[in-house]
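Colleague: Before we start, here is the structure in question, set down as structure tokens.
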Amino acid sequence: MTTMVPIEIIANKIYLIRGIKVMLDRDLAELYDVETKRLKEQVRRNIKRFPEDSMFELTKKELKNLRSQIATSS
């Protein structure tokens, strides 16, 4: 049985990076109730199912900015 996740929970996990609304792998894994490691594993195994522009890795600077953004909102 699946349970519906309130929209507020999802909305709070959306960040604006490079002018694009994104969700982090850890947040997606949490929503799907799997480990981040397993989510990334499945993405790698099924990479052809994802458009090229559907994911990217953060730079060190972006990661630092995001961490401060998350700490501020907490």
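Rule-based calculations on the coordinates, nothing more; no lab input. All of these numbers come straight from a predicted model, not from anything done at the bench. When we count neighbours, we look across all protein chains shown, and the Cβ atoms used for this are built from the backbone with ideal geometry, even at glycine.
Colleague: Sort out which residues of region 38-74 are closer than 27 Å to Thr3 by Cα, loosely packed, with under 10 Cβ neighbours inside 10 Å and of a type in the set (Lys, Arg), and write them in order of number.
Modeller: Residues satisfying the conditions are Arg44, Arg45, Arg49.
Colleague: Quick one: would you say Ala29 is assigned to a helix (DSSP H, G or I), of a type in the set (Gly, Ala, Ser) and surrounded by 11 or more Cβ atoms within 10 Å (Cβ to Cβ)? Spell out how you get there, then give the answer.
Modeller: Numbers: assigned to a helix (DSSP H, G or I): yes; of a type in the set (Gly, Ala, Ser): yes; surrounded by 11 or more Cβ atoms within 10 Å (Cβ to Cβ): yes.
Taking the combined requirement at face value, the residue satisfies it.
Colleague: Taking Tyr15 and the conditions (1) in contact (Cβ under 8 Å) with a residue 40 or more places away in the chain; (2) assigned to a loop (DSSP other than H, G, I, E, B), which numbered condition does it fall short on, given that it satisfies the others?
Modeller: Of the numbered conditions (1) in contact (Cβ under 8 Å) with a residue 40 or more places away in the chain; (2) assigned to a loop (DSSP other than H, G, I, E, B), the odd one out for Tyr15 is (2).
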